[in-house]
Amino acid sequence: MRKQIVAGNWKMNKDYVDSEILVSKLLEQHHHSTTDVIIAPPFTNLLAAKNTLKGSPISVAAQNMHFAENGAYTGEVSASMLTSIGVKTVILGHSERRAYFNETDEMLAKKVDTALAHGIRIIFCFGEELADRKAKKENEVVASQIKNALFHLSASAWDHIVLAYEPVWAIGTGETASPEQAQDMHAFIRKTLADQYTPALADAVSILYGGSVKSANAKEIFSKPDVDGGLIGGAALDAEHFSAIVNSF
Ligand code: PEP
């Protein structure tokens, strides 16, 4: 049985005080559920969020991490810095990191290796741009992103990988992939994994959908057989909205 996951990517939003307010509201709103709930506040708020959430089923993830163990990388944060404050999940490969910070598949493969070496679970993001979809190249683009960053991994490493399909044209745009488009892509991703590894491995990996998921559309998207949850951006910044999405399974 695959894990159902709803993760909120706060991006560069919420200062320390606002973060603590949102975390407290999430705690009030959160009722027992079988869904794994994760929030990814900015680095400056991770430790406080972790402390506030102590004993709750909501866990905390970082939005990024460097591939080096330590050293002269001004402004960067390492895997051991994350684990030293108890953060055990990281989002890697978000399209904004790829677009604005020039993160390549090769760099992401290194980040993936470092995270795994530190026992950090990875929410690995990828997805095609609008031009790719218009050219009917979305499957080709997605397959190559997955292959280049992840296919060097052993089968056992996949226990620590969650995939997040995020078509770039649907992120922060209000434009959502239809539930059928999401399902088609998720089934393609699973087949790509089955071909490279085994059908059993492909069947065990959670694949999240991300791109303008709201409480109004989450239920329909999450009802698709190969969609195991969502990576939520804008709607994760409001406790009621995010909790409604969590409760959409
Ligand atoms: C995201 O950035 O991962 C995302 C899905 O954003 P939004 O929900 O705002 O489209």
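The values are calculated or read from the model by the stated rules, or taken from the named source; none is laboratory data. Keep in mind the model is a prediction, meaning the values are calculated, not measured. Here the Cβ positions follow ideal geometry from the backbone for every residue, glycine too, while neighbour counts run over all protein chains shown. Ligands, DNA and RNA are stripped out before the accessible areas are found, and what is left, the full protein with its side chains, is counted by its heavy atoms. Shrake-Rupley method; radii C 1.70, N 1.55, O 1.52, S 1.80 Å.
Scanning the stretch 160-191 for residues that are more than 13 Å from the ligand (Cβ to nearest atom) and of a type in the set (Gly, Ala, Ser) returns Ser178, Ala187.
Just checking, how many residues over the stretch 233-249 are among the small types (Gly, Ala, Ser) and within 13 Å of the ligand (Cβ to nearest atom)? Don't jump to the end; show me each part of the working.
Pass one, the stretch 233-249, residues among the small types (Gly, Ala, Ser): 233-236, 239, 243-244, 248.
Subsequent filtering for residues that are within 13 Å of the ligand (Cβ to nearest atom) retains 233-236.
Residues flagged as among the small types (Gly, Ala, Ser) and within 13 Å of the ligand (Cβ to nearest atom) within the stretch 233-249 amount to 4.
Checking each residue in the stretch 203-232 for being more than 11 Å from the ligand (Cβ to nearest atom), of a type in the set (A, V, I, L, M), touching a helix residue (DSSP H, G or I) at 6+ places or on another chain (Cβ under 8 Å) and over 21 Å from Leu193 (Cα atoms) picks out only Ile221.
Starting from residues that are within 14 Å of Arg98 (Cα to Cα) and more than 15 Å from the chain's Cα centre (by Cα), keep the ones in the stretch 121-140 and report whichever is most open to solvent (accessible area, probe 1.4 Å).
Of the stretch 121-140, the ones within 14 Å of Arg98 (Cα to Cα) are 124-129.
From what is left, the residues that are more than 15 Å from the chain's Cα centre (by Cα) are 128-129.
Details: Glu128: 0, Glu129: 107 Å².
Among those that are within 14 Å of Arg98 (Cα to Cα) and more than 15 Å from the chain's Cα centre (by Cα), it is Glu129.
Results for (1) among the small types (Gly, Ala, Ser); (2) touching a His at 6+ places or on another chain (Cβ under 8 Å), shown as yes or no for each residue.
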| residue | (1), (2) |
| --- | --- |
| Pro41 | no, no |
| Ala48 | yes, no |
| Ala62 | yes, no |
| Ala72 | yes, no |
| Ser80 | yes, yes |
| Lys88 | no, no |
| Gly93 | yes, no |
| Glu103 | no, no |
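Residues of the stretch 1-33 that are open to solvent by 80 Å² or more (accessible area, probe 1.4 Å) and either within 16 Å of the ligand (Cβ to nearest atom) or in contact with a Lys or Arg (Cβ under 9 Å, 6 or more places away or on another chain) (or both): Met12, Ile21.
Would you call Ala79 surrounded by 17 or more Cβ atoms within 10 Å (Cβ to Cβ), farther than 30 Å from Ile58 by Cβ and in contact with a Ser or Thr (Cβ under 8 Å, 6 or more places away or on another chain)? So Ala79 does not fit the description; no.
Note on the stretch 207-222: residues that are open to solvent by 10 Å² or more (accessible area, probe 1.4 Å) and farther than 14 Å from Ala177 by Cα total 1. Among the residues here, Ala157 does not qualify as within 18 Å of Ala109 (Cα to Cα), within 14 Å of the ligand (Cβ to nearest atom) and open to solvent by less than 60 Å² (accessible area, probe 1.4 Å). The set of residues in the stretch 89-104 being crowded, with 17+ Cβ neighbours inside 10 Å and at negative phi consists of Thr89, Val90, Ile91, Leu92, His94, Ser95, Glu96, Arg97, Arg98, Glu103.
Can you say whether His94 is of a type outside the set (A, V, I, L, M) and more than 16 Å from the ligand (Cβ to nearest atom), as far as the supplied structure shows? So His94 fails the test. Pairing each residue of the stretch 207-220 that is at pLDDT 95 or above with any residue that is of a type in the set (Lys, Arg) and open to solvent by less than 10 Å² (accessible area, probe 1.4 Å), provided the two are 6+ apart or on different chains, yields no C-beta distance under 7 Å.
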